[in-house]
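Structure first, then comments.
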Amino acid sequence: MKSSPSRFPLWLSLLLAVLLSGCAGTIVRSEVTAFHEAAPDFGDMSFGFSRDARQENDLEYRSYESLVRGALQQLGFTESAGGMLQVGIRYQVDARDMRVVEPVWVDPWYGPGFGRYRYPYGYYGPYADPFWFGPPLVLPVERRFVSYNRSLEITIARAAGGKNLLQLIVHSQGQNPSLAAVMPAMVRIAFTDFPGPNGVPRVLEVKLEPAR
């Protein structure tokens, strides 16, 4: 996809994006897909979490488990030691180096002592107009950054027999390496319009307010 040329210096655009995100919160965009057989019949909606040995003593996992617990309880599920349902949680984040080349407008007459606003002969004279000497240049500017691919999978299965009733898979990309920072949004997206259409990817956005 081609980017439209920008008259703003790249460093200034990135600085403005950081400042605005700090003031207005962060938009987390994720793709969620639900897999189930027809309309899943959960029956008794009591549940417990299915943990492996590592997760039992993993504080990061427990934090994400708390988010899923809250979402399930809002939907009418109740946690119980002898729950009829078992809820499993898996997640991961991978890093990938990215390279983007963007066209940027460059004003050849904008600089110290010259240009549209600084030319010594005034703001509105012909020598203050960069187009008087020729059109601006469009130069390719390369930007390198790291993109983080984040995934979350939540399964709900029968405690007796282990038959899966529902799988929720969420994928998200961004430049924030902290999975903990975006996990609240990914969990909210996972349970939006629960249980969701079977096998249909949906792209949803959630706004996270900055921590106070």
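Read-outs throughout are calculated quantities, based only on the coordinates presented, and are distinct from any laboratory measurement. These numbers were taken from a predicted model, which means no experiment stands behind them. Note that we place each Cβ from the backbone using ideal geometry, even for glycine, and neighbour counts take in every protein chain shown.
Find how much the distance from Ser63 to Arg158 grows on full extension, using 0.36 nm per residue of separation minus their present alpha carbon separation; answer in nm with one decimal.
Values: separation 95, 0.36 × 95 = 34.20 nm, distance 2.37 nm.
Value of the extension gain: 31.8 nm.
How much length would be gained if the chain were fully extended between Leu137 and Gln74, taking 0.36 nm per residue of separation minus their Cα-Cα distance, in nm to one decimal? Before the final figure, lay out each step's value.
On the way: separation 63, 0.36 × 63 = 22.68 nm, distance 5.60 nm.
Computed gain between Leu137 and Gln74 is 17.1 nm.
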Self-check item: Where labels lie 7 Å past Cα in the beta-carbon direction, separation of Ile27 and Gln173 in nm
Solution: 1.6
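Figure the gain on full extension for Ala39 and Arg90 (residue separation times 0.36 nm, minus the Cα-Cα span) and round it to one decimal in nm.
So the extension gain works out to 16.0 nm.
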